[in-house]
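Notes to accompany the following structure.
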Amino acid sequence: MATIGALCNVVRHCDGAGGHRHDFGIVTDSSGAIVPGAQVRVTRQETNVHLTLPTNEAGFFSAPALHPGHYDVAVTKEGFQSQKKTGLELRLQDRLEVNFSLAIGATSTEVTVAAQAPLLESETSSLGQVIQEKTVTDLPLNGRSFIQLATLTAGTLPSTRTSERDNFISNGARAVQNSYLLDGID
């Protein structure tokens, strides 16, 4: 368990900047032993572009710099049944942990698991929310300022203590501590 915690800390410190997120996980066998050298294939559903990478000696894999979207993640290793998780949604500020437990068996057998969103992201204290395009186009924004959309997210309020226009307070932080990323650019 200490190994998993250490690996998660490594992922937190290696997080990329901008609009790119990543997924990571550990591949084990049905007894819980690590599976090094397994091939992990991460495929973006919208473009069918894939990334193939091996697990390291600790059974860990990390796919950094992924764009937000829907992904399928598949794992194969000789002597084990392949396994695939589909419909994983990766949004801004997400660090998606995708762990696999491979069963020993013929390589022609495949197990597919439909993904479900985690109830609580316990790996980070980051908050993020995606505002859908329909919401943006349907709202009456004064001057179409994207900063006004921030007040739609949990924990934000319009700032009343600043002379600057269109500012907000987020989770108790001052308005000057806000950082704006638009299409991954600060």
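The values are calculated or read from the model by the stated rules, or taken from the named source; none is laboratory data. Source: prediction; values computed, not measured. For neighbour counting, all protein chains shown are included, and Cβ atoms are generated from backbone atoms with ideal geometry for every residue, glycine included.
See the values below:
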quantity: Considering residues of region 97-115 that are at pLDDT 70 or above and assigned to a loop (DSSP other than H, G, I, E, B) only, the residue nearest to the chain's Cα centre (by Cα); calculated: V98
quantity: Residue in region 135-149 that is polar (S, T, N, Q), at pLDDT 75 or above and closer than 30 Å to G25 by Cα present; calculated: no
quantity: Residue list for region 57-69, filter: at pLDDT 90 or above and either under 18 Å from the mean Cα position of the chain (by Cα) or surrounded by fewer than 20 Cβ atoms within 10 Å (Cβ to Cβ) (or both); calculated: E57, A58, F60, F61, S62
quantity: Sole exception among (1) over 17 Å from V130 (Cβ atoms); (2) surrounded by fewer than 21 Cβ atoms within 10 Å (Cβ to Cβ); (3) touching a residue at least 12 places away in the same chain (Cβ under 8 Å) for H50, by number; calculated: (3)
